[in-house]
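Okay, structure first, notes after.
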Amino acid sequence: MLRNNNVVARIFQRQIQTPPPGTSVHCARRFYENLVPSFTIYDVECPDHSFRKFTDDGQYLISFSRNHQDLIVYRPTWLSYSYKQEDCHLPSRAKRFDSFFTQLYCVPLASSNEVICKDFFLYVITNQFGLFATSTAQIHDAPAIGGAIQGVPSIERITFHLLRLEDGVILDEKVFHNDFINLAHNMGVFLYDDLLAVVSLRYQTIYIIQIRESGNLVDVRAIGAFCREDDELFLNSNSQCMAVADKSKLHQSSGNHVDNGVHSNQLNSDNSFLSGIKQRLLSFIFQGIWSEETDKFQRVQCLKKKFYFHFQDYVDLIIWKVQFLDRHHLLIKFGSVDGGLQVSRSADHHASFFAVYNMETTEIVAFYQNSADELYLLFEQFCDHFYAMSRNSSYMNFISSHSNNIHALEQLRSIKYKASSLSQFVKKMMTSLPFSCQSLSPSPYFDQSLFRYDEKLISATDRHRPSTDHPIKFISRRQPHTLKFKIKPGPEAGSLDGRTKKVSSFLFHPFLPLALSIQQTLFLQPSVNIHFRG
């Protein structure tokens with residue numbers, strides 16, 4: 001039945017009809033088909049800042065100074081001018097940045113030789129805390145000392161700053177020395193409720209940190225060399241007992257050759273023991289292969305072929321990336337040293353593995369290779385479970401994925417059927433796991449049940465996109481040939497030099513019809529446009 005889709009008709013329909021159970025929010029979001037950012041202010045007069053994103057509750061706009069030393073936070077307001085559709089000329093004052101945003105404060109974050117990591121920001125929605133990071137420059141040829149992994153760069157100092165965004169007060173700081181944490185697009189840090197997982201690539205350790213309501217960063221546990229809190233104490237006490245026994249044997253057997261003795265009272269630091277997490281991984285793989293066969297002879301052959309033949313490959317695996325699945329389980333991605341530092345475009349060429357780790361029992365409960373069909377089916381059918389959204393983030397629960405949206409699923413299956421190799425397709429899909437934390441925009445204009453758009457030019461993912469001189473069209477999903485609105489980055493007249501490479505980023509407010517488009521061209525000032533409902 002054809003329905004009138006104007007706002008008045010929708011409001012009247014809402015008054016007289018009750019939506020089916022569990023669909024009230026989805027029905028309410030259909031109003032966004034009428035409330036679209038229909039007007040654009042091109043090349044808006046704005047401060048020369050690096051704009052990062054809106055917070056997930058829409059209360060703040062995060063930005064950094066161009067020298068990456070200061071944090072500047074704005075409050076989104078709304079235009080206080082009105083106009084008729086026939087005469088949409090706004091006064092010049094309305095075309096300024098401060099007509100839409102009010103600066104709350106400017107806080108210096110970086111000190112001495114540190115700079116702000118402009119691609120890193122996490123938001124604790126329950127307390128309105130913001131987590132930021134500053135760091136010194138990378139040292140690419142740093143020597144692997146103190147148990148560090150060879151081939152992984154080193155950063156002399158990485159500092160995490162926890163701020164109360166309401167007033168900009170720095171509540172706590174956490175410093176890592178001579179380490180490497182991948183801060184680009186939050187890849188090395190994952191936030192779930194009040195728990196933070198920080199991955200040290202250089203020392204292969206997962207640090208679990210709790211963010212208290214008081215604003216303190218409290219160490220909970222470190223998973224890597226040791227899995228339980230008393231593992232280090234146990235190993236140290238046993239090594240001392242062994243050292244005493246070895247020393248007495250040396251005195252009994254060869255009292256005249258004291259100079260041949262070694263300092264056995266020190267814990268062996270030459271990696272004679274595998275790390276705790278690696279021990280758990282190897283044990284799980286061994287037990288899985290062991291249980292495949294009941295015949296003794298076949299079991300031995302199977303172990304030789306599947307375990308011992310690849311033993312060194314498993315030992316050489318390093319932790320690439322981690323995410324929470326819930327408060328007790330981590331999804332850990334393992335791979336080679338080279339693959340861990342590659343960009344995502346080439347990551348599917350490297351063999352990688354995924355393990356589900358229970359932090360309470362310190363056990364590996366599942367293990368998959370990146371080409372496993374079983375893991376892909378879980379990814380396709382239960383994609384939302386991998387996002388591990390915070391229970392308090394209501395806006396984030398309606399992000400479109402192929403497990404909750406039929407249009408996204410059809411798009412994924414279309415790519416799957418066109419792929420020349422199913423194995424390569426699965427590997428390519430698995431490069432997105434584990435998901436980066438807070439990397440998707442909850443804006444309803446990216447809801448694929450409402451709008452259709454070119455995902456090569458714009459999407460909910462927090463990434464730069466290639467920019468064109470043509471506007472990006474948002475087509476109604478329910479009325480396939482109806483253009484709802486357009487987003488055009490860059491100058492209104494387009495670029496004078498079409499050969500110059502340009503990239504664009506888009507910052508959409510989580511629920512208001514408001515967006516920023518920022519077009520960046522090499523050696524030129526960024527062009528900032530504001531798109532809003534006129």
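The values are calculated or read from the model by the stated rules, or taken from the named source; none is laboratory data. All figures in this text were calculated on a predicted structure; none of them were measured in a lab. No Cβ is skipped: glycine too gets one built from the backbone with ideal geometry, and neighbour counts run over all protein chains shown. The accessibility values were calculated without ligands, DNA or RNA, using every heavy atom of the protein model including side chains. Shrake-Rupley method; radii C 1.70, N 1.55, O 1.52, S 1.80 Å.
Cα centroid separation, the stretch 293-324 to the stretch 517-534: 52 Å.
Entry note, the chain: relative contact order of 13 percent, from Cα contacts under 8 Å with a spacing of 6+ residues. Our helix-only sum for the chain, with -39,500 (n - 2.57) per DSSP H run of n ≥ 4 divided by its residues, gives a mean residue ellipticity at 222 nm of -6000 deg cm²/dmol.
When His26, His185 are compared by accessible area of protein heavy atoms, the largest-first order is His26, His185, using a 1.4 Å probe.
Between Phe523 and Gln69, the modelled label-to-label distance comes to 2.7 nm, taking each label 7 Å out from Cα in the direction of the beta carbon.
Roughly what % of Cα-Cα distances in the chain sit above 47 Å, to the whole percent? Pairs farther apart than 47 Å: 21 percent. The C-alpha atoms of the chain define a longest principal axis, and helix 231-253 lies at about 20 degrees to it.
Return the carbon/sulfur percentage of the accessible area of the chain, one whole number, probe 1.4 Å, all protein chains in place. Ligands and nucleic acids excluded, carbon and sulfur give 52 percent.
Here the stretch 122-202 is described by how far its Cα atoms reach on the three principal axes: 42, 22, 20 Å, from widest to narrowest. For the stretch 360-489, the Stokes-Einstein estimate of translational diffusion at 10 °C and a viscosity of 1.306 mPa s comes to 95 µm²/s, using the Kirkwood hydrodynamic radius over alpha-carbon pairs. Surface calculation, 1.4 Å probe, protein heavy atoms: Thr500 sits at approximately 40 Å² accessible.
Between Gln210 and Ser432, the FRET efficiency from the beta-carbon distance, with R0 = 35 Å, is close to 0.80.
Against the chain, whose longest principal axis is taken from its Cα atoms, helix 7-16 shows a tilt of about 70°. Remark: the chain carries 53 Å² of accessible area per residue (probe radius 1.4 Å; ligands, DNA and RNA excluded). Per-residue packing, averaged as other Cβ atoms within 10 Å, sorts the ranges 187-194, 163-170 into the order 187-194, 163-170, beginning with the highest.
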